[in-house]
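Structure first, commentary second.
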Amino acid sequence: MSKSFLSVLPLLFSLLSVVLSGYMSVRTQRISHRLHLEEERRKKEESALAAAQRVYEPLAESAAELQSRIFNIVQTGWVALVKRYESHGDYTTASTAFLFAHYFGWIEARRQSVLASSGEGARDESVQALIADVKQTLRGNADSEGFMFYSAEQRAIGEMMFSWESTSDVDARVPHVMGYATFAARFREDRTFRDWFAPVDRGLELVSNGDNRRLMDIHRALVALIHELDPKEKYTPGYSLRAIGVDTGEAPPKTAS
């Protein structure tokens, strides 16, 4: 081995050391960046899931109230239900429309909460799938056109019902859905607002003639969603949730009015 080669050998080792050091530094930075992105994605997913879960209680309650009204209509019959509340004017129609609207409002609250929390994020897939099933059932018309709300109508009613409400914390706000008193006043006084609920009027006409098929389909979809939202019945005590029988119209005896 020549002396000249031996003399440059330390230089070659030094150069190799610099190259390896640079490579390792770049590789470390790439790994760190990838881990950072994965951590950010995980935080967004957790944030979106937490935001969705914060409205589980009111969403489960609104779905339970709607399915309870549906059960009462099917069990009692629309004419008998109207007779029960005839001293309260149009309460039966207005409150039935409200229960649909209230459910749509909390669906919108859930969507807005997820968007506000992270913009993009993995959602609670099982709940989302069942919400989609309720939406599909409400917009479908395999049996009849009563209680048929197209997807855009469901979203529009939800947007009208939903708002953000400020809290004592300057940077915090909470989802709010219109209550019955405000809804009933607008339902009776604002014809444009009232027209959004024409599907309820058409559905009640069918129900008054004994056609409960649409309501039974909607009831089954809602019950499945409630079971997923509240498997331990933490938010929906007092409701014995079982889908109405297809042929018999039977349902649990324990319901809310």
task = Please report Lys232, Lys83 as a ranked list, fewest other C-beta atoms within 10 angstrom at the top and most at the bottom.
result = Lys232, Lys83
inquiry  = Along the Cα→Cβ direction, 7 angstrom out, place labels at Thr167 and Ser25. What is the inter-label distance in nm?
reply    = 4.7
remark   = Between Thr192 and Glu125, the FRET efficiency computed from the C-beta separation at R0 = 45 Å comes out, to the nearest 0.05, as 0.75
note = Stretched fully, the stretch from Glu205 through Ala152 gains (0.36 nm per residue minus C-alpha distance, one decimal, in nm) 16.8 nm
Local net charge near Ile107, Cβ-Cβ under 10 Å (Lys/Arg +1, Asp/Glu -1) = +3
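Since every read-out is calculated from the coordinates, none of them should be taken as a lab result. Please read all numbers here as calculations on a predicted model, not as lab measurements. Note that we place each Cβ from the backbone using ideal geometry, even for glycine, and neighbour counts take in every protein chain shown.
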